[in-house]
Amino acid sequence: MGTVHHRPDIAADSPRDLSRLVGLLLILPAVALIASLFVGPVITFLLRSFEGDASPFEQYTRLFGSDIYLRVLIRTLVISFLVTLTCLVLGYPVAWLLSRLRGWKLALLALFVLLPLWTSVLVRTYAWTVLLQRNGIVNSVLTGLGLTDAPLRLLYTDGAVVIAMAHVLLPFLILPLWGSLRQIPPEFRSAALVLGASEFSIFRRITAPLSAAGVGAGCLFVFLISLGFFVTPALVGGPRSMMIGTLVSQQALDALNWPFAAALSAVITAVVLMAMPFCRRLFLVTRAEG
Amino acid sequence: METTPARMLSGFEWLMLALAIAVAAFLILPTLIIVPMSFGTDGYLNFPPRGFTFRWYGEFFNDGDWLRAAWFSLKVGVLTTVVSVVLGTAAALALTRSRVPFGGLMQLVIIMPMILPQIVVAIALLLFYQQLGMVGSIAAFVASHACLAIPFVLFSVSAILKRYDVDLDAAAYVCGADRFTIFRRITLPIIWPGIASGALFSFLISFDEAVISFFLSGVSDKAIARKFFEDVELNVTPVLAAVATLLTLATILVLAATAFLKSDRK
Amino acid sequence: MSGAVSFVGVRKFYGTVEAVKNVDLAIKAGEFVSLLGPSGSGKSTLLMMLAGLEHPSAGDLLVDGRSIVKVPANKRNLGMVFQKYTLFPHMTVAQNIAFPLTVRGVSVQEQRRKIADALRVVRLQDFGDRLPGQLSGGQQQRIALARALVYDPPVLLMDEPFAALDRKLRLEMQDEIRRIQQELNLTIVFVTHDQEEALRISHRVAVLAEGKMQQIGTPKEIYEEPANGFVAQFIGNVNFLSARLDGWDDKVLVALLPDGRRIRVNPQALRPSAAPPGTPLRIAIRPENLAICENSDNALGSGTVLECVYLGEKTTCVLRTATGADVTVVIGAHDPKPQPGSHVAFDLRVDTVPVFAEAA
């Protein structure tokens with residue numbers, strides 16, 4: 001009677017929880033792989049941006065001191081912004097409809113969003129090169145409608161980059177937005193209807209403000225992916241619509257200027273990492289709404 | 001709409017509905033339009049396509065370069081799936097079933113591959129594997145693609161584990177089962193749909209991945225994405241349309257399989 | 001016969017919080033004992049310790065005289081039914097019931113016979129091929145019971161097994177478990193927060209609060225002779241009246257009410273040595289032991305009728321006394337209903353009503 005058994009509080013042989021040691025052994029392989037063969041190489045590469053003969057900031061001085069590079073940087077920001085805006089305008093009605101549908105109609109529309117998301121970026125970009133080529137469908141339609149006499153040069157323009165990137169990134173806006181629209185209780189709409197609100201004022205006064213967190217998360221998501229996007233600008237964009245991703249690749253592969261490529265990369269990475277806590281807060285807000 | 005069928009839609013709702021349908025068409029059509037074009041008889045792509053032929057598919061299956069690239073990507077995809085499923089599932093178990101020290105930090109490391117800009121990662125990995133003389137090696141591809149796929153496996157398995165009733169394990173334990181039996185006969189069968197859909201997506205991520213594949217490919221050992229990339233730039237034949245159609249078909253199959261797993265879960 | 005269970009000086013700390021405080025409880029083989037208490041009372045922790053899913057910080061647990069503290073849960077050979085059924089969703093009913101037999105290496109033939117027996121005991125013979133998802137809550141809980149019984153454990157542990165069921169089904173399952181208990185002569189340790197359930201099904205009830213054992217006794221003892229105010233209040237309704245100790249008549253206590261009336265009271269834990277005359281008291285009286293009376297001269301007290309509520313088999317009236325205390329009185333279905341606002345007197349229904357007192 002009264003014997004004290006010194007056992008840890010998280011019972012070692014209760015199967016509900018794994019012990020901390022087992023947990024550590026389970027998670028370490030994944031963490032070690034990603035840290036050593038993914039995050040590690042990225043850090044080593046970014047550190048090379050401080051190489052230089054004159055000063056450790058030589059690469060950065062060169063980057064921010066040159067019109068050419070600044071223009072690429074600004075064009076990247078502008079195109080990313082336009083892509084985000086296009087995605088928002090195109091994506092909102094789809095997310096809104098998704099949140100209102102049930103059953104097979106929902107499944108079908110969700111498929112229309114998920115299929116592009118999981119289709120290879122290359123395939124989708126390739127589709128745009130086919131659509132926008134000189135004798136492509138878009139030009140046939142435009143001439144057929146009598147809007148132009150001769151086929152337009154559509155491919156390798158900024159417009160082509162924005163449209164194609166928006167197409168590729170649309171699911172990344174629709175999905176988080178749908179998530180936050182879905183969390184608005186349908187009773188709000190019923191209550192507003194009973195109180196005499198029109199559908200438009202319900203949207204403006206209730207749905208839009210309550211989905212602000214989803215809009216923020218989706219837009220941020222699209223903007224950040226756009227910044228470091230490579231495939232679509234490289235294939236659809238022309239030499240005059242170069243974005244920072246293509247410049248990084250050029251500096252590394254053609255100019256073999258690794259330190260400068262690293263400096264350019266550091267700029268994109270810094271923007272992305274700075275936005276991360278903000279992303280997290282948006283996610284928390286979205287969750288709190290539910 | 002889910003509301004009473006008799007109700008008239010307001011003007012605003014009509015507008016949103018019309019816009020949404022137009023955007024849905026915009027989302028799906030560019031990819032689907034490639035499909036009929038891959039069966040056209042002309043040696044260049046035009047719409048509407050003329051005639052019907054399997055010629056371009058035949059050329060794909062007789063082209064050594066394409067087949068080598070496809071085989072390479074297939075090997076990488078399968079190995080990536082194995083590695084990411086094992087490591088991702090283990091991490092999901094650790095994060096949901098134990099209080100791992102520094103759990104938040106570990107989770108952050110695991111989702112880094114989703115966050116870091118792809119071009120930065122690709123160039124960094126190119127530099128890394130160049131120094132090791134491993135550009136174009138299957139090992140380099142599998143390691144890189146597994147890192148990209150692990151977060152997806154983690155999310156897909158944790159989604160089930162978070163809803164998992166731990167009292168099931170307690171019940172099995174009281175029934176007399178040991179921990180290994182509990183894992184094999186209770187936990188594993190219940191989280192299986194999450195593991196399987198994580199596996200399917202891992203394969204798709206690896207097989208479709210373009211940026212790292214572009215930079216890590218060697219001159220002869222290249223991924224199908226790299227071969228595709230090169231041909232879009234250099235060689236516009238309907239064979240590409242055939243390959244694009246096959247890739248889209250693979251995506252549809254994977255999505256159908258995961259949808260089936262989800263419906264089976266109930 | 002086997003299946004005797006003892007808790008000996010059992011304590012459980014979570015960090016510095018003492019969730020179970022020195023609990024002793026001896027359960028005889030074949031006895032049906034309920035652990036009753038509000039949430040946080042430690043009743044579930046006690047059951048989990050018996051099952052082996054929690055470990056006592058101090059004390060001992062005995063089954064048939066042997067300590068099981070160091071035996072892991074999967075070697076204790078106890079049966080357990082959880083609140084949420086915990087049927088394995090990917091196995092059929094028969095596979096669920098077979099699970100404990102499989103891990104014990106029982107032959108397939110023997111398994112088939114035992115599964116059929118277990119299904120017959122819970123009266124779901126034809127359900128072997130169904131999946132748990134296709135069963136109702138009550139059916140799932142019967143299958144969980146069958147799974148816990150199929151390996152003939154000496155003791156069955158039940159953790160609020162019927163809490164998720166609706167009232168009618170719950171009553172049905174209570175009858176069912178009583179029948180099975182008698183049929184198999186099982187020892188059952190049953191955790192519940194539902195006092196009505198505990199009184200209805202068990203041989204003895206152990207009332208717990210804040211990790212401490214409050215009282216152990218038959219349902220009649222617990223209800224009619226509650227050991228303290230907590231037990232009196234937790235089990236059934238009770239009125240508390242303040243009084244002063246007037247004196248002792250052998251072992252019976254005489255209490256003096258504020259308006260001069262003296263009543264004889266069952267003192268429970270109070271002893272003459274510890275409670276001299278003049279000690280302030282709290283006296284507990286059940287509403288059904290009070291009655292409205294005509295004559296206010298010699299009544300226990302009086303008050304203004306606040307409201308009367310018709311509850312089918314009885315009607316309860318709430319009176320407010322001069323001191324501002326509310327007293328609930330049960331009146332019979334055929335008694336006249338006093339008008340709200342009227343002033344009435346109340347008295348003990350019978351002279352020998354079991355009431356009790358504790359030091360205030």
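The values are calculated or read from the model by the stated rules, or taken from the named source; none is laboratory data. Owing to the predicted nature of the structure, the values given are computational and were not obtained by experimental measurement. All Cβ positions, glycine included, derive from the backbone under ideal geometry; neighbour counts span all protein chains shown.
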Go through the stretch C:212-223 and report how many residues are crowded, with 19+ Cβ neighbours inside 10 Å and within 20 Å of C:ILE283 (Cβ to Cβ).
3
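A quick yes/no check of all residues on (1) closer than 24 Å to B:SER220 by Cβ; (2) more than 7 Å from chain A (Cβ to nearest Cβ); (3) of a type in the set (Gly, Ala, Ser):
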residue	(1), (2), (3)
B:VAL76	yes, yes, no
B:ALA94	no, no, yes
B:PHE102	no, yes, no
B:VAL109	no, no, no
B:ALA124	yes, no, yes
Candidates A:ARG71, A:ARG48, filtered to the one that is assigned to a helix (DSSP H, G or I) and over 26 Å from the mean Cα position of the chain (by Cα):
A:ARG48
Residue selected from the stretch C:64-94 under the condition more than 8 Å from chain B (Cβ to nearest Cβ), among the small types (Gly, Ala, Ser) and not in a strand (DSSP E or B), by the criterion surrounded by the most Cβ atoms within 10 Å (Cβ to Cβ)
C:ALA94
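Considering B:THR53, B:THR80, B:THR4, which residue is at pLDDT 95 or above and more than 9 Å from chain A (Cβ to nearest Cβ)?
Details: B:THR53 fails: at pLDDT 95 or above; B:THR4 fails: at pLDDT 95 or above.
Result: B:THR80 is the single residue among B:THR53, B:THR80, B:THR4 that is at pLDDT 95 or above and more than 9 Å from chain A (Cβ to nearest Cβ).
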Can you confirm whether the stretch C:12-33 contains a residue that is part of a loop (DSSP other than H, G, I, E, B), of a type outside the set (Asp, Glu) and crowded, with 18+ Cβ neighbours inside 10 Å?
yes
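Could you list, in sequence order, all residues of the stretch A:142-165 that are β-branched (Val, Ile, Thr), within 31 Å of the chain's Cα centre (by Cα) and surrounded by fewer than 21 Cβ atoms within 10 Å (Cβ to Cβ)? Break it down into steps so the answer makes sense when it comes.
So in the stretch A:142-165, the residues β-branched (Val, Ile, Thr) come out as A:143, A:148, A:157, A:161-163.
In the following step, the residues that additionally are within 31 Å of the chain's Cα centre (by Cα) were identified as A:157, A:161-163.
Hit for the stretch A:142-165 is A:THR157, nothing else.
Got at least one residue in the stretch B:63-72 being in contact (Cβ under 8 Å) with a residue 40 or more places away in the chain, surrounded by fewer than 14 Cβ atoms within 10 Å (Cβ to Cβ) and either closer than 30 Å to B:PRO238 by Cβ or more than 21 Å from the chain's Cα centre (by Cα) (or both)?
Initial filter on the stretch B:63-72 (in contact (Cβ under 8 Å) with a residue 40 or more places away in the chain): B:63, B:65-66, B:68-70, B:72.
Checking which are surrounded by fewer than 14 Cβ atoms within 10 Å (Cβ to Cβ) leaves us with B:65.
Retained after the next criterion (residues that are either closer than 30 Å to B:PRO238 by Cβ or more than 21 Å from the chain's Cα centre (by Cα) (or both)): B:65.
Yes, there is a match, as at least one residue in the stretch B:63-72 is in contact (Cβ under 8 Å) with a residue 40 or more places away in the chain, surrounded by fewer than 14 Cβ atoms within 10 Å (Cβ to Cβ) and either closer than 30 Å to B:PRO238 by Cβ or more than 21 Å from the chain's Cα centre (by Cα) (or both).
Could you check the stretch B:111-121 and list, in sequence order, the residues that are among the aliphatic types (A, V, I, L, M) and within 7 Å of chain A (Cβ to nearest Cβ)?
Restricting attention to the stretch B:111-121, the residues satisfying the condition of being among the aliphatic types (A, V, I, L, M) are B:111-112, B:114-116, B:119-121.
B:MET112, B:ILE115, B:LEU116, B:ILE119, B:VAL120, B:VAL121 - these are the residues of the stretch B:111-121 that are among the aliphatic types (A, V, I, L, M) and within 7 Å of chain A (Cβ to nearest Cβ).
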Listed residues C:ALA118, C:ALA146; which is within 22 Å of B:ASP165 (Cα to Cα), hydrophobic (A, V, I, L, M, F, W, C) and either within 11 Å of chain B (Cβ to nearest Cβ) or surrounded by 22 or more Cβ atoms within 10 Å (Cβ to Cβ) (or both)?
C:ALA146
Taking interchain pairs and intrachain pairs at least six residues apart, which have beta carbon atoms under 7 angstrom, with the first residue in the stretch C:170-195 and under 25 Å from C:SER39 (Cα atoms) and the second assigned to a strand (DSSP E or B) and hydroxyl-bearing (Ser, Thr, Tyr)?
C:PHE190/C:SER34; C:THR192/C:SER34
Specify which of the listed residues (C:GLY52, C:GLY40) is without any contact (Cβ under 8 Å) to a residue 40 or more places away in the chain, of a type in the set (Gly, Ala, Ser) and out of contact with any Ser or Thr (no Cβ under 6 Å at 6 or more places or on another chain).
C:GLY52
Look at the stretch C:251-265 and say how many of its residues are surrounded by fewer than 19 Cβ atoms within 10 Å (Cβ to Cβ) and within 32 Å of the chain's Cα centre (by Cα).
5
In this structure, is A:VAL138 in contact (Cβ under 8 Å) with a residue 12 or more places away in the chain, more than 8 Å from chain B (Cβ to nearest Cβ), of a type outside the set (Ser, Thr, Tyr) and more than 27 Å from A:GLY214 (Cβ to Cβ)?
yes
Looking at (1) closer than 30 Å to A:ILE68 by Cα; (2) part of a helix (DSSP H, G or I), which is the one condition that is false for A:LEU154?
(2)
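Report, by residue number, each residue of the stretch C:196-222 that is part of a loop (DSSP other than H, G, I, E, B) and either of a type in the set (Gly, Ala, Ser) or under 24 Å from C:LYS12 (Cβ atoms) (or both). Working first, answer last.
Taking the stretch C:196-222 and keeping what is part of a loop (DSSP other than H, G, I, E, B), we get C:202-203, C:210-211, C:218.
Of everything in the stretch C:196-222, those that are part of a loop (DSSP other than H, G, I, E, B) and either of a type in the set (Gly, Ala, Ser) or under 24 Å from C:LYS12 (Cβ atoms) (or both) turn out to be C:SER202, C:GLU210, C:GLY211.
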Checking B:LEU216 against (1) buried (at least 24 other Cβ atoms within 10 Å of the Cβ); (2) farther than 16 Å from A:VAL121 by Cβ; (3) within 11 Å of another protein chain (Cβ to nearest Cβ); (4) not β-branched (Val, Ile, Thr), which test does it fail?
(3)
Testing A:VAL168 on (1) exposed (fewer than 13 other Cβ atoms within 10 Å of the Cβ); (2) on the phi < 0 side of the Ramachandran plot, one condition comes back false. Which one is that?
(1)
Please verify whether the stretch B:40-52 includes one or more residues that are exposed (fewer than 13 other Cβ atoms within 10 Å of the Cβ), touching a Lys or Arg at 6+ places or on another chain (Cβ under 7 Å) and either in contact (Cβ under 8 Å) with a residue 40 or more places away in the chain or of a type in the set (Phe, Trp, Tyr) (or both).
yes
If you go through C:ALA58, C:ALA73, the only one that is touching a strand residue (DSSP E or B) at 6+ places or on another chain (Cβ under 8 Å) and touching a residue at least 12 places away in the same chain (Cβ under 8 Å) is C:ALA58
Output the qualifying pairs, or none if there are none: Cβ atoms under 7 angstrom, residues six or more apart or on different chains, first residue in the stretch A:233-246 and in the same structural domain as A:ALA263 (by TED's automatic domain parsing) and small (Gly, Ala, Ser), second residue buried (at least 22 other Cβ atoms within 10 Å of the Cβ) and not in a helix (DSSP H, G or I).
A:GLY237/A:MET243; A:GLY245/A:GLY228; A:GLY245/A:PHE229; A:GLY245/A:PHE230
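I'd like the residue in the stretch B:161-182 that is touching a residue at least 60 places away in the same chain (Cβ under 8 Å) and over 23 Å from C:THR45 (Cα atoms) and, out of all such residues, is surrounded by the most Cβ atoms within 10 Å (Cβ to Cβ).
B:LEU161
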Exactly one of C:LEU53, C:LEU61 is assigned by TED's automatic domain parsing to the domain that holds C:PRO154 and in a loop (DSSP other than H, G, I, E, B), and that residue is C:LEU53
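Answer yes or no as to whether C:GLY52 is over 20 Å from the mean Cα position of the chain (by Cα), buried (at least 21 other Cβ atoms within 10 Å of the Cβ) and modelled with pLDDT under 95.
Here the answer is yes, as C:GLY52 does meet what is asked.
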Answer from B:PHE47, B:PHE26, B:PHE12, B:PHE72 - the residue that is among the aromatic types (Phe, Trp, Tyr) and more than 9 Å from chain A (Cβ to nearest Cβ)
B:PHE72
Output the residues belonging to the stretch A:210-255 that are over 17 Å from B:PHE229 (Cβ atoms), of a type in the set (A, V, I, L, M) and within 11 Å of chain B (Cβ to nearest Cβ).
A:LEU224, A:ILE225, A:LEU227, A:ILE244, A:LEU247
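What residue, of B:VAL153, B:VAL120, is under 22 Å from A:PHE230 (Cβ atoms) and buried (at least 24 other Cβ atoms within 10 Å of the Cβ)? Break it down stepwise before answering.
Numbers: B:VAL153 fails: under 22 Å from A:PHE230 (Cβ atoms).
Going through B:VAL153, B:VAL120 in turn, the sole match is B:VAL120.
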